[in-house]
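What follows is one structure encoded as structure tokens, with my remarks underneath.
The values are calculated or read from the model by the stated rules, or taken from the named source; none is laboratory data. Only a predicted model underlies this, so the values are computations on that prediction, with no experimental measurement involved. All Cβ positions, glycine included, derive from the backbone under ideal geometry; neighbour counts span all protein chains shown.
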Amino acid sequence: MQIREYQEWLEAWDRARAWEQVTMSHTLLHALEELGEVSKLVQMIEGYRAPSPDDLDAIRSELALELSDLQVMLFKIAYLAGIDMEAAMVRGQAKADARFPDPATGPAERAAYWARYQEYLRRHGLVE
């Protein structure tokens, strides 16, 4: 399935249930709820939270579903706003390529980011 096909399917699916009448702002609230669920699962995978269940494969499976739920809300906001997500994603790719044209600079940029973050932690007394 192509991105545009998915967006068209979602809009038709919502219309069949009269769910296209849910406003963008309420859809955004639902998206934030889903993002919170994604965040909790990522924290479990990274060890910040105790996994529940203690089965990383089950957590990853749940994460896949929550990411899908979040995607639904984002695509719904897009169709409600009259935005073609496929075209938007193509523009996003072009923006990323223009901003970071040389993949070889990635490791140095990541190292600089990490150094800034470590300095922030030291400055605020969060690490020794």
Query raised in the report: Going by the structure shown, is E20 over 18 Å from Y6 (Cβ atoms) and either in a loop (DSSP other than H, G, I, E, B) or of a type outside the set (A, V, I, L, M, F, W, C) (or both)?
Result: no
Query raised in the report: Considering region 23-47 alone, what residues qualify as being on the phi < 0 side of the Ramachandran plot and assigned to a loop (DSSP other than H, G, I, E, B)?
Result: T23
Requested in this report: May I ask you to verify whether V90 is under 27 Å from A18 (Cα atoms), hydrophobic (A, V, I, L, M, F, W, C) and part of a helix (DSSP H, G or I)?
Outcome: no
Query raised in the report: Can you find a residue in region 70-79 that is in contact with an Asp or Glu (Cβ under 9 Å, 6 or more places away or on another chain), over 30 Å from D14 (Cα atoms), of a type outside the set (S, T, N, Q) and at pLDDT 95 or above?
Result: no
**Report entry** Condition check for A50: loosely packed, with under 14 Cβ neighbours inside 10 Å and either part of a helix (DSSP H, G or I) or in contact with a helix residue (DSSP H, G or I) (Cβ under 7 Å, 6 or more places away or on another chain) (or both)
**Finding:** no
Query - Selected residue (criterion: farthest from the chain's Cα centre (by Cα)) from residues of region 1-38 that are of a type in the set (S, T, Y) and surrounded by fewer than 13 Cβ atoms within 10 Å (Cβ to Cβ) - result: T23
